[in-house]
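Scroll down for the structure; my scribbles are underneath it.
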Amino acid sequence: RAVLFRWGTHTCNPRTTCGSDSPLCGVTWGIYTECILEPLSLPESPGGVDAVESSPYVPCIFCKECYVLAEQNQLLKHMIIEHKLVIADVKLVADFRSYILYWKRRFAEQPVTDFCSVIRTNSKAPLEEQDNYFLLCDVLPEDRLLREQLQQKRLREILEQQQQERYDTSFHSMCMFCDQEFTGNRSVLLNHMAREHAFNIGLPDNIVNCYEFLAVLQGKLDNLQCLYCEKVFRDKNTLKDHMRKKQHRRINAKNKEYDKFYIINYLEFGKSWEEVQSEDDRELLDNLEEDWSDWEEHPVCAVCLFCEQQADTTEKLYLHMQKSHGFHFPKIKSEHGLNFYQQVKLVNFIRREIHHCRCYNCQEKFESKGGLISHMEETKHIAFLPARSTWDQPQYYFPTYENDILLCTLSDSEDAKAEDQSEEVPVVGEDISSLKALKQSSVLNQLLWKENKSQEKF
C-alpha cells in the first residue's frame, strides 16, 4: 500500500515523484523508511481467502468484491454478470459462505473449466456476440461431496442446538395469547398454548431455535397479521376474532420462513418436509398388503369439562363428571331433549365460561379455575344449566378448543331418536313382479271405467 504523509496542508507519496514547490518536500524520505506507520500483514495465500475466513462478508470467487451474507442474491448476480458463473440449486447449499470460500480456493489452483460445464449462448450469432457461461453444479462429484458434507455439518449443529434446548431449564417467555409468563423448559409454554388456546405448532422435540421462532410469530401478531392466512387487520380484537372463528390459530405450513425451525427440514440433503412426508406416504401405500394384525391403536382421550381428567371413552368421562363434580351430562341431555347441535353449543359454552373462570349460573368471576369449581360444586350451580337463550346461540357452534375430542363423541339423545322413529310412516312397495296383473288390478282402471260409464249416460 502507498503510505501518504500529511504535513500541514501538503500531502506527498513516497512512491511517486512529487512536483510540488512546497519547501516541506525537501525532506529526505530515508528518515521514514524504518518507521512502522501501520499494522503489518503476513503474505496472503492465493486468492486472499485467509483474510476473509473470519469476516462476516462473503467474497466473490474471482475478484475482491465482498457482500454481506444477507445480500447473497447480489453476489450471485455479480458473478453472473461480471464473471459468467452460474451456481445451480443454491437454495440446497447448507452453508453458502463455506461453499463460496471452498471454490475460491479451488479456482485459484486450477482453471474454471476443470470444474464447470461451459454453456455457449447465441451459438448461431457472430463470434464476437457469443458468450460462454460456466455452470457449477452437483453433477461434478467434488461439488456433490462438498454439498453433502456441509449438509451433514449443519445437521450436527442443529441437533446439538436442539438437544441443548430440550434440557434447558432457563427458558423464559410469555404466552402470545394470554400474557402469562412461563419459566423452566420451552415445552411448558408450547403445551400451554396447545391446550389452552388450541395453538399447536408441533411437538417441542421437533422444534429448534425456539426463541427465534416465537419472536417471529410474536412479531406477526404485533403487526396485526394472521399467522395462517397472513392477512393484516385494523386492530388486535378483530385479529383475535378472525383467528378464533376461522380456526386460524395455526401457522401456514406453506410458508418457507418457518422451515428452518423444524428438524425434519435438515434430515435429508436437498429435501423439504413436504417431500420427506410424501415419500413416507408412498411407502405406506406400497406396503398396504403387509400384515397389520399386531397394530395397536393409541386411544384418543377426551377431557373433562371442569378439570384436566381424561378418559378414552365417553362413558368413563361422563361417570367421572357425575361422581367428581355432580354434573350428569346424559341426564341433562335427556331432560332437555338436546339434539347433536345443541350439545355442541352447550359444551362450547361451558368450556368458554370455565376458561374465563366464570360461573355459568351466577356469573361470578374467580381468580383461578380451582376456586371456580369449588364454588360451583358447593352451591350446586354446576348441576343446573342457565336459560337456554344464554347458551343456545350461533356463536357457540365454534369450538372453544380446536382439539376438543369430546365434540367428536356427541350423539343425539335416545328420546330424540325415538321421536324421529315414531314420526316415520312405513311405506310398503308394490309387487311389480307381474306388470300385467298389476295393470288389471290398478285403481286407475276402476276410475277410468266409472268415467266412461258417466259419459255414456250423456
Worksheet item: Roughly speaking, what is the centre-to-centre gap between segment 148-226 and segment 353-391 when only Cα atoms are used, to the nearest Å?
Response: 34
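Compute the relative contact order of segment 309-391 as a whole-number percentage, counting only Cα pairs closer than 8 Å that sit 6 or more residues apart in sequence.
With pairs under 8 Å counted, the relative contact order is 25 percent.
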Worksheet item: Per residue, how much accessible area does segment 120-278 have with a 1.4 Å probe, in Å²?
Response: 58
Discussion item. Please compute the modelled spin-label separation between Asn403 and Asp235, points set 7 Å along Cα→Cβ, answer in nm with one decimal.
Written reply: 3.3
Practice prompt. Work out the charge dipole of segment 74-198 with +1 on the Cβ of Lys and Arg and -1 on the Cβ of Asp and Glu about the Cα centre, then indicate which of Thr113, Phe171, Leu150 is farthest towards its positive end.
Written response: Thr113
Worksheet item: What dipole magnitude, in Debye to the nearest 20, does segment 119-160 give about its Cα centre under +1 on Lys/Arg Cβ and -1 on Asp/Glu Cβ?
Response: 160
Discussion item. Tell me the Kirkwood radius of segment 304-364: reciprocal of the mean inverse pair distance over distinct alpha-carbon atoms, in Å.
Written reply: 12.4
Discussion item. As a test question: what accessible area, to the nearest 10 Å², does Lys231 have when a 1.4 Å probe is rolled over all protein chains in place?
Written reply: 120
Worksheet item: Considering lysine pairs in segment 63-201 that are 8 or more places apart or on different chains, how many have Cα atoms under 23 Å apart?
Response: 10
Fill in: Distance violations [Cα-Cα > 24 Å] among Lys240/Lys380; Lys246/Lys333; Lys245/Lys345
Lys240/Lys380; Lys246/Lys333
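The values are calculated or read from the model by the stated rules, or taken from the named source; none is laboratory data. What you see is a predicted model, and the numbers here were worked out from it, not measured in a lab. Cβ coordinates were reconstructed from backbone atoms using ideal geometry, including for glycine residues, and neighbour counts include every protein chain displayed. In case anyone asks, the SASA skips ligands and DNA or RNA and just uses the protein heavy atoms, side chains included. Shrake-Rupley method; radii C 1.70, N 1.55, O 1.52, S 1.80 Å.
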